[in-house]
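All of the numbers you see were taken from the coordinates with simple rules; none came from a lab. The structure displayed is predicted, hence computed values, not measured ones. Every residue, glycine as well, gets a Cβ built from its backbone with ideal geometry; the counts of neighbours run over all protein chains shown.
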Amino acid sequence: MGKSVGKCCMRREESSMGEGRNRIVVWALRNARPTLFLAALLSRLILPIVHYSGVTSDSVTYLSMARGMLNGVGFVDIEGRPTAKRPPVYPLFLTGMLKMSGNELRGVQIVQAILSAALAPLLFEFLGGRLGRGAAFLAGLLWAFDPVSIPPPAYILTESIGAVLVFLWYLQWTRTLRHSSVRGFLWQGVLGGVLPYQTMITALLHLLAMVATFFHRPRFWKRIFVSLIIMIIPMQLWAWRNRVVLGEETAVRSGGFGFLLWATMQYDFPWLLSPYDPRGAMIFKQEKHVYRHYPLSEQHRIYFRKGRARFFSDPVGGTVRAIKGVFWSWVDVPGAMKSLDRFPIAKAFLRVANIVSLLLALVGMGRAWRVTEGRCAIGVLLYFTFFHMWLYPIPRYFLPVRPLLALLGGFGVGTLFPRK
């Protein structure tokens, strides 16, 4: 008698616990947008809350341009000279944020965290009708708690805002393909023109997207043409500024893509880092040598010529070198991995989490390919993979497409756990 009563009580407790979990899940799905936004925001505010500075050697160059704008002298380097060392969008963003926050970098970090967190409910909204609320919610969680994407908003670097702009450009592209409205093509052109001056590797992204759009919607060729013309306007404005201020038309007054190609061809990447990639010290030592002996206007041509010569002297070896570099850049985790040598468990967790995200995205590619939005996401990822394969592949440069990795991860969840 006593045993049967005990079993009955246990079943009731298990039933009540199950009902409690179900209520939590139902509540979370009903309030998915605020839940995902708050989860993503809280995770991204951890570093600003503990007063992490987020300033690196690259940050100083962006901050000098932004503070030059605040002081009314325009884009200047750390020595106060006019410069085009960095593309203008992120320095302009910093200018506005520093003015609003009273020159406090914490304000920049908080705004970057808010913008990054907003992508979680956007992912849910975008995937909800395609995968169901459950899989879409999990895709939002993948972005909210992606350990690779949580730290970047705390850094005074381009990657966090770059991820936001790349995802917004992607959303607009998919809407344009679906609806082909005049307004859609106009906005697509605006975003396509701004994006390369935030994340320079995207210089050809909008052009190639419009070529693909032409094959998908050839009767809208006039709208596609107008979109491309609009894309060119920011390029012309920046070139005009550099011609007036610096005396030469240039996108970035540095070694640019030529330096990146040379750096990739110069170093034979390991298949996996063990324990630390020493190429940075070697490459930047060479860069300082060229910087001392040649004017900035010639550095791109010098590097491009050397990189091209190195590749054609051994095309197979150069290709293998680039493939190994891009393989490592996807598998390893961006950021100061060497600084985590004292925390091997944390380093192992980050690497495992990143590999799981990649595998989940790979699982989802088959299902994603069946729909226009999925093919567009895969296309953008392939674009970044191909161009960075030749242009200095490091994990940090792939941060702007992490939201699309979470999106494909949502398709992966939908593949593994299909709706019944």
*Calculate the all-directions average of the projected area of region 54-198's alpha-carbon convex hull, and give it in nm².*
9.8 nm²
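Set the Förster distance to 45 Å, then compute FRET efficiency between Val320 and Arg243 from the Cβ-Cβ distance, nearest 0.05.
Details: r = 41 Å, r/R0 = 0.91.
Result of the calculation: an efficiency of 0.65.
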*What fraction of the Cα pairs in region 364-419, stated in percent, has a spacing above 16 angstrom?*
44 percent
*Based on the Cβ-Cβ distance of His51 and Arg305, what FRET efficiency does E = 1/(1 + (r/R0)^6) give at R0 = 41 Å, to the nearest 0.05?*
0.35
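Using per-residue counts of other Cβ atoms within 10 Å, averaged over each peptide, order 321-334, 398-411, 345-358 from highest down.
398-411, 321-334, 345-358
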*Please quote Rg/Rh for region 46-129 to two decimal places, taking the Kirkwood radius as Rh and restricting both calculations to Cα atoms.*
1.08
_With the alpha-carbon atoms as the only input, what is the per residue convex hull volume for region 328-392 in Å³?_
83 Å³
*Hey, what do the phi angles of region 134-148 turn into as Karplus ³J(HN,Hα) couplings, whole Hz, using 6.51/-1.76/1.60 and θ = phi - 60°, x for Gly and Pro?*
x, 5, 5, 5, 5, 5, x, 5, 4, 6, 4, 10, 5, x, 7
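Does region 120-223 classify as rounded, prolate or oblate by the C-alpha gyration tensor (a ≥ b ≥ c root eigenvalues; a/c under 1.5 gives rounded; else a/b over b/c gives prolate, otherwise oblate)?
Values: a/c = 2.86, a/b = 1.32, b/c = 2.17.
Oblate.
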*Furthest towards positive pole of dipole, Ile150, Thr176, Ala163, structure part region 89-209, Cβ charges*: Thr176
*asked:* How would His179, His388 line up from fewest to most surrounding beta-carbon atoms within 10 angstrom?
replied: His179, His388
*Between Asp341 and Leu416, what is the spin-label point distance in nm, taking each point 7 Å from the Cα along the Cα→C-beta axis?*
3.4 nm
*When every alpha-carbon pair in region 30-83 is counted, what percent end up more than 13 Å apart?*
68 percent
